[in-house]
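Heads up: the structure comes next, in structure tokens.
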Amino acid sequence: LAWNPLARRLLGGEHDTPPNLMRLLFLDAHTRELYSRWDEEAERAVASLRLVAGRYADDERMASLVGELSLKSPEFAALWSRHPVVTCASGTKQFHHPVVGHLELQFEMMELPGDAGQRLLVYSAEPGSASEAAFLLL
């Protein structure tokens, strides 16, 4: 729904408005190169999406997204067929950003109050680390 300027510079490539991060992960070459451990990120993303999809089983947009990704991405289709379900609320992500290089960022996914299913993704770098210095350059 929204992102701040730093998120755009980290994840967005050429996108001016926030795109669907699942579409980016599986269908965008820039994003595939951005994640140093793309395979791990893809597995985590599909497991999390399957959990959310279970909560909103009748959501047409969710079904459309899963269908689109299944048709356009063999990797997504293979991961989805394994039926992984995991709550991915926090962890570490490895990035190789084309401007600032390697970043190791902690993330936290927070469920927002209400019944809309909205989540907030927050990234941070270890204080004093090379990742923090790179993050600040963005």
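The values are calculated or read from the model by the stated rules, or taken from the named source; none is laboratory data. These numbers were taken from a predicted model, which means no experiment stands behind them. Every residue, glycine among them, receives a Cβ derived from its backbone with ideal geometry; neighbour counts consider all protein chains shown. Only protein heavy atoms, including side chains, enter the accessible area calculation; ligands, DNA and RNA are left aside. Shrake-Rupley method; radii C 1.70, N 1.55, O 1.52, S 1.80 Å.
Points worth noting:
- Whole-Hz couplings from phi, Karplus 6.51/-1.76/1.60, listed for the stretch 2-12; x for Gly and Pro: 7, 8, 8, x, 5, 4, 4, 5, 6, 10, x
- For the stretch 1-122, the Kirkwood estimate of the hydrodynamic radius, built from every pair of different alpha carbons, is 15.2 Å.
- Measuring r between the beta carbons of LEU136 and ASP58 and using R0 = 35 Å, the FRET efficiency lands at 0.20.
- Helix 38-55 and the longest principal axis of the Cα set of the chain meet at an angle near 40°.
- Per residue, the convex hull volume that the Cα atoms of the stretch 44-87 enclose (Å³): 58
- Structure-based [θ]222 nm, the chain - -39500 (n - 2.57) summed over DSSP H runs of at least 4, per residue, nearest 500: -13000 deg cm²/dmol
- Heavy atoms of THR92 accessible to a 1.4 Å probe, total area in Å² rounded to 10: 60
- Cα Rg over Rh - the stretch 10-60, Kirkwood: 1.02
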